[in-house]
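Q: Would you mind keeping the following structure in view while I ask a few things?
The values are calculated or read from the model by the stated rules, or taken from the named source; none is laboratory data. As the structure is a computational prediction, the values presented were derived from the model and not from experiment. Positions of Cβ are backbone-derived with ideal geometry, glycine not excepted, and every protein chain shown enters the neighbour counts.
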Amino acid sequence: MKTDWKAFLATAGAEFEGERVAHFGNPEREKRVSVSGLVFADLDYYGVIAVHGADAGSFLQAQFSNDVGKLDIGHSQLNAYCTPKGRMLGLMRVFRQGDSYYLRLPTDTLEAVIQRLRMYVLRADVTLEDASESFLRIGVSGEDALSELLAMAGQVPEENDGVIRSGDLTILRIPGIQPRFEIYAASLKSAQAMWDGLNVHGAPVGESVWRLLEILAGMPSIFAATAELFVPQMANLQLIDGVNFKKGCYPGQEIVARMQYLGTLKRRMYLGRIDTGQLPQPGEPLFSPTDSEQPVGRIVDAQPHPDGDIAALAVLQIAAADAGDVYLGASDGPAFRLQALPYAFEKQDA
């Protein structure tokens, strides 16, 4: 995190855990307002990879799960970067500025993804760099987010995946249970002005609250602890426009396509609630009551919910989820209680 931005956030009341904003003095209130009010958060737990060069688009098209060739400057796109075995090494939101592409992904997977991508550059006119310091990143969520941003920026994307640029601000609209946006500010001055403007009617919140909003939206994240665990369909990417089955080859494409067309999907991602005082970590196993040795699933992410329990996304065996008996950490651990996702499964698998 940039020193001057961290100092600004500290002055605004931020409490830090390392470089991450934990909360702004009242984490319980932040959770309460997260699902109903206007909230905004520093998104420093995300990093950004920049991809420059004449061959940047064709290079990414050959590496990612979605059709990067259809990505224009007015839209962002969810993409998985898979190993040859079809397992996701990283999951990122991609947007463009001119001929450059920017990949937003959790910071703890950035280095592994950029190093793997560099292995395939070869003679292509492509340059990859960690551009996390090029932007200050702010997330905004709430029913009033659209009108608030419109008043400050003059224009706002009206549809999910839309992107607009206003001065040195890039604003992405992303899926959420309420309107949600990611703002990329190229200067400290514009980031501070946006933060101060949002602070008039909104409430600043810590990283945990923003991750809770991702969970409730059914939007997965791949962290270092879950890298190479899931094929894209296991994290519902075919349901949230994160994979294109008609594009050309990319690492793991055969396995991803075979799972789709042969109907061999046996695991998928579910939303659930867990009564536990210990926050589950990404990758933590879940079990059925009949087998205490072999996990039936893994936590994707989990964060405290304002109701007092934990909201979580987990990739589970479909059979175990259908049976309704899934438990965290052990076959007699806290129950994972299924909740409705904000989007539907495919009819044949419902």
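Q: Looking only at the stretch 86-124, which residues are modelled with pLDDT of 95 or more and charged (D, E, K, R)?
A: Result: ARG87, ARG93, ARG96, ARG104, ASP108, GLU111, ARG116, ARG118.
Q: Just one of ALA344, ALA312 is in a strand (DSSP E or B) and within 25 Å of GLN178 (Cα to Cα); which is it? Working first, answer last.
A: On the way: ALA344 fails: in a strand (DSSP E or B).
Only one candidate qualifies: ALA312.
Q: Oh, and also: Quick one: is ASP144 within 20 Å of the chain's Cα centre (by Cα) and at pLDDT 95 or above? If you could, list the steps in order and put the result at the bottom.
A: Details: within 20 Å of the chain's Cα centre (by Cα): no; at pLDDT 95 or above: yes.
No; evaluated as a whole, the condition is false for this residue.
Q: Here is a check on your reading of the model: is SER134 among the polar types (S, T, N, Q) and within 24 Å of VAL21 (Cβ to Cβ)? Even if it seems obvious, please write down each step before you answer.
A: Working: among the polar types (S, T, N, Q): yes; within 24 Å of VAL21 (Cβ to Cβ): yes.
For SER134, the condition - among the polar types (S, T, N, Q) and within 24 Å of VAL21 (Cβ to Cβ) - is met.
Q: Taking the condition touching a Leu at 6+ places or on another chain (Cβ under 8 Å) and either surrounded by 15 or more Cβ atoms within 10 Å (Cβ to Cβ) or hydroxyl-bearing (Ser, Thr, Tyr) (or both), does GLY324 pass?
A: Details: touching a Leu at 6+ places or on another chain (Cβ under 8 Å): yes; either surrounded by 15 or more Cβ atoms within 10 Å (Cβ to Cβ) or hydroxyl-bearing (Ser, Thr, Tyr) (or both): no.
The answer is no for GLY324.
Q: Where the second residue is in a helix (DSSP H, G or I) and the first is in the same structural domain as ILE177 (by TED's automatic domain parsing) and lies in the stretch 145-159, which pairs have Cβ atoms under 6 Å and are six or more apart or on separate chains?
A: Filtered contacts from the stretch 145-159: MET152/GLY197; VAL156/LEU146; VAL156/LEU149; VAL156/LEU150.
Q: Turning to a different aspect of this structure: Determine which member of the set ARG104, ARG93 is touching a residue at least 60 places away in the same chain (Cβ under 8 Å), closer than 22 Å to PRO282 by Cα and either touching a Ser or Thr at 6+ places or on another chain (Cβ under 6 Å) or in a loop (DSSP other than H, G, I, E, B) (or both).
A: Step by step, each of ARG104, ARG93 is checked, and only ARG93 is touching a residue at least 60 places away in the same chain (Cβ under 8 Å), closer than 22 Å to PRO282 by Cα and either touching a Ser or Thr at 6+ places or on another chain (Cβ under 6 Å) or in a loop (DSSP other than H, G, I, E, B) (or both).
Q: Failed condition for TYR261, given (1) over 19 Å from LYS70 (Cα atoms); (2) modelled with pLDDT of 95 or more, with all others met?
A: (2)
Q: Name the residue, out of GLN115, GLN77, that is free of Cβ contacts under 8 Å to residues at least 12 places away in the same chain and either within 16 Å of GLY47 (Cα to Cα) or under 20 Å from the mean Cα position of the chain (by Cα) (or both). Steps first, answer last, please.
A: Numbers: GLN77 fails: free of Cβ contacts under 8 Å to residues at least 12 places away in the same chain.
The match here is GLN115.
Q: Only one residue in GLY69, GLY25 is surrounded by fewer than 18 Cβ atoms within 10 Å (Cβ to Cβ) and part of a helix (DSSP H, G or I), so which one is that? Walk me through how you get there before you give the answer.
A: On the way: GLY25 fails: part of a helix (DSSP H, G or I).
Residue meeting the stated conditions: GLY69.
Q: So, one more: So which pairs qualify, if the first residue must be in the stretch 309-323 and more than 17 Å from GLY263 (Cβ to Cβ), the second must be among the polar types (S, T, N, Q) and not in a helix (DSSP H, G or I), the Cβ gap must be under 8 Å, and the two must be at least 6 apart or on different chains?
A: ASP309/THR276; ILE310/THR276; ILE310/GLN303; ALA311/GLN303; ALA311/GLN339; ALA312/GLN303; ALA320/SER288; ALA323/SER288
Q: Could you tell me which residue of the stretch 229-280 is farthest from LEU60 (Cα to Cα), considering only residues that are assigned to a loop (DSSP other than H, G, I, E, B) and small (Gly, Ala, Ser)?
A: From the stretch 229-280, those assigned to a loop (DSSP other than H, G, I, E, B) are 229-231, 236, 240-252, 262-266, 275-280; that's our starting set.
So of that shortlist, the ones also small (Gly, Ala, Ser) come out as 242, 248, 252, 263, 277.
On the way: GLY242: 14, GLY248: 11, GLY252: 14, GLY263: 27, GLY277: 42 Å.
This residue is GLY277.
Q: Out of all the residues in the stretch 286-301, is one or more under 22 Å from the mean Cα position of the chain (by Cα) and surrounded by fewer than 17 Cβ atoms within 10 Å (Cβ to Cβ)? Break it down into steps so the answer makes sense when it comes.
A: Taking the stretch 286-301 and keeping what is under 22 Å from the mean Cα position of the chain (by Cα), we get 286, 297-301.
Filter again for surrounded by fewer than 17 Cβ atoms within 10 Å (Cβ to Cβ), leaving none.
No.
Q: Another question about this same structure. Restricted to the stretch 28-66, and to residues that are of a type in the set (S, T, N, Q), modelled with pLDDT of 95 or more and part of a helix (DSSP H, G or I), which residue is farthest from the chain's Cα centre (by Cα)? Write out each step before concluding.
A: Restricting attention to the stretch 28-66, the residues satisfying the condition of being of a type in the set (S, T, N, Q) are 34, 36, 58, 61, 63, 65-66.
If we keep only those that are modelled with pLDDT of 95 or more as well, we get 58, 61, 63, 65-66.
Filter once more, so that each one left must be part of a helix (DSSP H, G or I): 58, 61.
Values: SER58: 24, GLN61: 20 Å.
Among them, the one singled out is SER58.
Q: Pull up the stretch 145-166, narrow it to residues that are among the acidic types (Asp, Glu) and surrounded by 12 or more Cβ atoms within 10 Å (Cβ to Cβ), then point me to the one that is nearest to PHE95 (Cα to Cα).
A: ASP161
Q: Go through (1) without any contact (Cβ under 8 Å) to a residue 24 or more places away in the chain; (2) within 25 Å of ALA10 (Cα to Cα) one by one and return the number of the condition TRP210 breaks.
A: Every condition holds for TRP210 apart from (1).
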